[in-house]
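Novice: My structure is below; once you've seen it, I'll send some questions.
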Amino acid sequence: MIIVMKSDVVPESPEVEQVVRLVQRYPDVRAEVRKIQGATRVLTEIYLLGSTATVPVEPFEEFPAVEKVIRIRERYRAIGRHEGQAEAIGFEYNGVRFGQDQFLLFPGLCAVDSAENTEAMFRALEEMNITTTRAGAYKPRTSPYDFQGHGKVCLPFVFELAGKYGIRVIAMEVTHESQVDEIRDALRAAGNPTGVMLQIGTRNAQNFELLKAVGQQKDFPVLFKRGMGITLDESLNACEYLATSGNHRIVFCLRGVKTNFGDPHRNLVDFCHVPVVKRLTRLPVCIDPSHSVGKKSAGADGLLDIHHVTAQGIIAGANMVLVDFHPRPEQALCDGPQALLLEELEHFVRDAELVRRAYLDRCQLRERMSARAA
Ligand code: PEP
Ligand code: MN
């Protein structure tokens, strides 16, 4: 059960204390007070944990400071929308706004290889007025003989260059909790010139200890990638670990699922799940067309499959796009075949913006049609 307090009620108020005192009367039920950044306002929510099945909603609804009481139906209690009863969670991080009504592009390097390539990437982004990117320092690779990422060694130049080119948020995968400290230390040493969004890769989607550790820290928001070989429901439950550990600044990322039925793409593209995840959860939804498609094949119309699936995700309401670029893909140490060239950045951005406008038009059309029907 979630008790949503009215907008102006803060966690430390007597009104919240009153609700918590009432909760304490029920045996085996615990109250946890959380401050939530909603899409348009900050909310205080009280989560009732434990044996809540027999706890009635009415006594809580009677408090004047309570906006509503939500009976939880899905197993993902904290990130779930509970059939539309809980509102979307938006958040701002380092000047960038994330939410189910936002739209952000994160073009960048799959893996940081050299300072020269990183600088070329960031310069191209600055020319397009893009302040969000991806840059992998810690790479989870299928083979131990493959490039594993430069790790903490590259962080000083990545962060310094990010500051130089106005990058505000870098999505960066972590494969072990110790890397979170390395990132925090390197950012501090560089004078915090940028922000980092910690990425949980598909291979770690059910690494529950990593999820708990990343969920317990409050410095960085998290980009959670769905597991490539598990159901959507299992991925949502895994993502729930981040929120129950205390971090609610989460973006859920679709990146395809592994099956030969997706051939000739690297993964079966799952962007039809964008509206599903936005309906089931309070989280903004990201798509990763590069790791879904895995190659630069073009359609008969000349548009790359990567462009087509990006459009499919955006037209369905995606809030964020994580996409691989590289100044010299033939020399890239990881995922070169799926990287777009810097010369292709403008086309990618314009195409994505065009489809986003079409999505917003579709929403307006729906509103007009339902107003007419009413
Ligand atoms: C990545 O984004 O670099 C990555 C490894 O993706 P995924 O975890 O989706 O395979
Ligand atoms: Mn990759």
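The values are calculated or read from the model by the stated rules, or taken from the named source; none is laboratory data. Please read these numbers as outputs of a predicted model, since none were measured by experiment. Cβ atoms come from the backbone with ideal geometry, glycine included; neighbour counts cover every protein chain shown. Note: areas computed on protein heavy atoms with side chains; ligands, DNA, RNA excluded. Shrake-Rupley method; radii C 1.70, N 1.55, O 1.52, S 1.80 Å.
Novice: Output the residues belonging to region 6-43 that are within 33 Å of the chain's Cα centre (by Cα), free of Cβ contacts under 8 Å to residues at least 40 places away in the same chain and part of a loop (DSSP other than H, G, I, E, B).
Specialist: Passing the criteria: Asp8, Val10, Pro11, Glu12, Arg41.
Novice: Please go through region 142-165 and give me each residue that is within 16 Å of ligand 1 (Cβ to nearest atom) and surrounded by fewer than 15 Cβ atoms within 10 Å (Cβ to Cβ), ordered by number.
Specialist: Residues satisfying the conditions are Thr142, Ser143, Pro144, Asp146, Phe147, Gly151.
Novice: Say we look at region 263-285 and pick out the residues that are part of a helix (DSSP H, G or I) and either open to solvent by less than 10 Å² (accessible area, probe 1.4 Å) or modelled with pLDDT under 95 (or both); which of these is nearest to Gly84 (Cα to Cα)?
Specialist: Looking at the filtered set, the residue picked out is Val277.
Novice: Just to be sure, is Arg97 free of Cβ contacts under 8 Å to residues at least 12 places away in the same chain, under 18 Å from the mean Cα position of the chain (by Cα) and open to solvent by 40 Å² or more (accessible area, probe 1.4 Å)?
Specialist: Yes, satisfied.
Novice: Would you pick out the residues in region 286-306 that are touching a His at 6+ places or on another chain (Cβ under 8 Å), open to solvent by less than 10 Å² (accessible area, probe 1.4 Å) and touching a residue at least 40 places away in the same chain (Cβ under 8 Å)?
Specialist: The answer is Val293, and nothing else.
Novice: List every residue pair whose Cβ atoms sit under 7 Å apart, with the two residues 6 or more apart in sequence or on different chains, where the first one lies in region 142-160 and is under 18 Å from Arg123 (Cβ atoms) and the second, anywhere, is among the hydroxyl-bearing types (Ser, Thr, Tyr) and surrounded by 13 or more Cβ atoms within 10 Å (Cβ to Cβ).
Specialist: Between residues of region 142-160 that are under 18 Å from Arg123 (Cβ atoms) and residues that are among the hydroxyl-bearing types (Ser, Thr, Tyr) and surrounded by 13 or more Cβ atoms within 10 Å (Cβ to Cβ), the close pairs are Phe157/Thr118; Val158/Thr118; Phe159/Thr194.
Novice: Before we move on, is Phe103 surrounded by fewer than 24 Cβ atoms within 10 Å (Cβ to Cβ), farther than 21 Å from Cys253 by Cβ and not hydroxyl-bearing (Ser, Thr, Tyr)?
Specialist: no
Let's see how each residue does on (1) farther than 24 Å from Gly95 by Cα; (2) among the polar types (S, T, N, Q):
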residue	(1), (2)
Arg188	no, no
Asn207	yes, yes
Leu210	yes, no
Ala213	yes, no
Lys225	no, no
Ser235	yes, yes
Thr244	yes, yes
Arg249	no, no
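Novice: When both residues are 6+ apart or on different chains and their Cβ atoms are under 8 Å apart, which pairs have a first residue that lies in region 331-344 and is on the phi > 0 side of the Ramachandran plot, and a second that is in a helix (DSSP H, G or I) and within 11 Å of ligand 1 (Cβ to nearest atom)?
Specialist: Close Cβ pairs (under 8 Å, with a partner that is in a helix (DSSP H, G or I) and within 11 Å of ligand 1 (Cβ to nearest atom)) amount to Asp335/Ser290; Asp335/His291.
Novice: Right, something else. If you scan region 307-329, which residues turn out to be in a helix (DSSP H, G or I) and either free of Cβ contacts under 8 Å to residues at least 40 places away in the same chain or away from ligand 1 (no atom under 16 Å from the Cβ) (or both)?
Specialist: The answer is His307, His308, Ala311, Gln312, Ile314, Ile315, Pro329.
Novice: Hey, another quick one. For region 91-99, indicate whether the set of residues that are basic (Lys, Arg) and either over 26 Å from His273 (Cβ atoms) or within 16 Å of ligand 2 (Cβ to nearest atom) (or both) is non-empty.
Specialist: No.
Novice: Considering region 212-244 alone, what residues qualify as being open to solvent by 20 Å² or more (accessible area, probe 1.4 Å), assigned to a loop (DSSP other than H, G, I, E, B) and farther than 23 Å from Val169 by Cα?
Specialist: Met228, Gly229, Ile230, Thr231
Novice: Restricting the search to region 104-148, which residues are within 18 Å of the chain's Cα centre (by Cα), of a type in the set (A, V, I, L, M) and away from ligand 2 (no atom under 14 Å from the Cβ)?
Specialist: Residues satisfying the conditions are Leu104, Leu105, Ile130.
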